[in-house]
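Peer 1: The structure is given below, and queries will be raised subsequently.
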């Protein structure tokens, strides 16, 4: 007995519509959040930390540009890989994602500790730019009540 198809599932010729079920949904589905990559998490952490510090030090950091690069262009004079670069005359801070992430792998493998490592690098880079101690940038943030 032959089956006849009453409706065509897709009007586009050659469109793959297996067994008339319709077009497939996104991998995450409509009820799940979109996937975040390590790069996205890194960029969001740098941006939120920089935003926090700009709120605390609005006059000192108003014109500072924060940038993210994968790796430094060349090794530092001491032979180590830099995690950030501060260019004082240009008021620029460049954070190098891969060296910071490699440092984070030395710590516990959870998102909280990775975020803390990234935040500490941002704090130390800003402290270097301003000529201050990193702990003096936001003493209330780390005080436990």
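The values are calculated or read from the model by the stated rules, or taken from the named source; none is laboratory data. Treat the numbers as computed from the prediction; the structure is a model and nothing was measured. Methodologically, a virtual Cβ is constructed for each residue, glycine included, from the backbone with ideal geometry; neighbour enumeration extends over all protein chains shown.
Peer 1: Can you list the helices (runs of 4 or more DSSP H) found entirely within the range 49-145 that contain at least 3 residues being crowded, with 17+ Cβ neighbours inside 10 Å?
Peer 2: 97-104, 111-130
Peer 1: Among the residues of the range 67-94, what is the count of those that are under 17 Å from residue 121 (Cβ atoms) and out of contact with any strand residue (DSSP E or B) (no Cβ under 8 Å at 6 or more places or on another chain)?
Peer 2: 2
Peer 1: Continuing with the same structure: Taking only the range 34-91 into account, find how many residues are more than 16 Å from residue 118 (Cβ to Cβ), at pLDDT 90 or above and out of contact with any helix residue (DSSP H, G or I) (no Cβ under 8 Å at 6 or more places or on another chain).
Peer 2: Residues meeting the conditions: 8.
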